[in-house]
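Heads up, the thing below is written out as structure tokens.
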Amino acid sequence: MIPAPSPRLTFRTWTENDARLAEALWCHPEVTHFFGGAMTPQQARDRLAIERENENRLGMQYWPIFLRETGEFAGCAGLRQWPTDPALIEAGVHIMRSSWGLRLGEEALRAVLAHGFDALALPTIVAGHGIGHDNSQKLLQRLGFTYTHNIKWGPQAIEVRIYAISAATWRSKTTRSETAQI
């Protein structure tokens with residue numbers, strides 16, 4: 001199961017033929033600046049293999065996303081187990097540099113959260129961003145996430161701000177925004 005399409009995006013699972021897409025995304029220094037820096041092509045292929053295994057094992061991954069209108073690869077967004085506590089599920093989004101400034105990250109993350117809370121019945125989802133990544137902070141706050149704490153993350157011990165959102169908060173916020181649009 002993958003997230004439902006959003007107004008401008010479609011989701012699918014990664015395939016073994018997606019190395020070129022994975023490298024274009026995760027080897028880009030600007031895209032990866034706040035989560036460890038550009039990967040080598042081999043590291044991107046390894047990450048692709050991990051995403052595919054997560055899908056097979058857990059039914060979730062950071063799914064590749066594409067513009068509905070053109071089919072252009074726009075990045076990935078999805079869910080995964082939290083590395084230090086597999087009972088927690090983390091949401092995230094990585095957007096291709098060519099798609100920055102269009103609020104596609106917000107649109108993709110909304111679809112991922114709806115999938116996590118509605119289709120997968122998750123009680124809580126966490127997310128994080130590197131210190132100084134103001135756009136990610138604003139995105140998480142707009143979606144209803146609440147700051148919980150900071151951690152040191154990954155082999156480079158990057159300082160990351162952690163947030164959480166419950167299913168009840170998500171549903172309450174989603175209902176209010178739908179009502180406001182009527």
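The values are calculated or read from the model by the stated rules, or taken from the named source; none is laboratory data. Just so it is clear, the structure is predicted and the values come from calculations on it, not from any experiment. In this analysis, Cβ positions are derived from the backbone assuming ideal geometry, glycine residues included, and neighbour counts consider all displayed protein chains. Each accessible area value is taken on the protein alone, full model and side chains, heavy atoms only, with ligands, DNA and RNA left out. Shrake-Rupley method; radii C 1.70, N 1.55, O 1.52, S 1.80 Å.
Look at region 121-147: where a residue is under 20 Å from I89 (Cβ atoms) and a partner is open to solvent by 80 Å² or more (accessible area, probe 1.4 Å) and basic (K, R), sitting 6+ places away or on another chain with Cβ atoms under 8 Å, you get L143/R110. The set of residues in region 65-82 that are closer than 16 Å to M96 by Cα and in contact with a strand residue (DSSP E or B) (Cβ under 8 Å, 6 or more places away or on another chain) comprises I65, F66, L67, R68, E72, F73, A74, G75, C76, A77, G78. Counting only residues that are in contact with a Phe, Trp or Tyr (Cβ under 9 Å, 6 or more places away or on another chain) and among the charged types (D, E, K, R), region 160-175 holds 2 of them.
Does region 158-181 contain any residue that is modelled with pLDDT of 90 or more, farther than 23 Å from E51 by Cα, in contact with a Lys or Arg (Cβ under 6 Å, 6 or more places away or on another chain) and open to solvent by less than 80 Å² (accessible area, probe 1.4 Å)? Looking for residues that are modelled with pLDDT of 90 or more, farther than 23 Å from E51 by Cα, in contact with a Lys or Arg (Cβ under 6 Å, 6 or more places away or on another chain) and open to solvent by less than 80 Å² (accessible area, probe 1.4 Å), one finds none in region 158-181, hence no. Of all residues in region 58-67, those satisfying the criterion of being surrounded by 14 or more Cβ atoms within 10 Å (Cβ to Cβ) and touching a residue at least 60 places away in the same chain (Cβ under 8 Å) are M60, W63.
Identify, by number, the condition in (1) more than 19 Å from I125 (Cα to Cα); (2) at pLDDT below 95 that R57 doesn't meet. Every listed condition holds for R57 apart from (1). From the set of residues in region 110-135 that are in contact with a helix residue (DSSP H, G or I) (Cβ under 7 Å, 6 or more places away or on another chain) and part of a helix (DSSP H, G or I), which is surrounded by the fewest Cβ atoms within 10 Å (Cβ to Cβ)? Among those that are in contact with a helix residue (DSSP H, G or I) (Cβ under 7 Å, 6 or more places away or on another chain) and part of a helix (DSSP H, G or I), it is F117. Selection of region 1-28 for residues being without any contact (Cβ under 8 Å) to a residue 24 or more places away in the chain and either of a type in the set (S, T, Y) or open to solvent by less than 50 Å² (accessible area, probe 1.4 Å) (or both) yields only C27. W153 falls short on exactly one of the conditions (1) at pLDDT 85 or above; (2) open to solvent by 40 Å² or more (accessible area, probe 1.4 Å); (3) closer than 13 Å to E90 by Cβ; (4) of a type outside the set (S, T, N, Q), and that condition is (1). With respect to the conditions (1) open to solvent by less than 30 Å² (accessible area, probe 1.4 Å); (2) at pLDDT 95 or above, E72 falls short on a single one, namely (1). On the given criteria, is L102 among the aliphatic types (A, V, I, L, M), open to solvent by 80 Å² or more (accessible area, probe 1.4 Å) and either more than 14 Å from the chain's Cα centre (by Cα) or on the phi < 0 side of the Ramachandran plot (or both)? The answer is yes for L102. Screening R97 on (1) within 17 Å of W26 (Cα to Cα); (2) free of Cβ contacts under 8 Å to residues at least 60 places away in the same chain shows it passes everything except condition (2).
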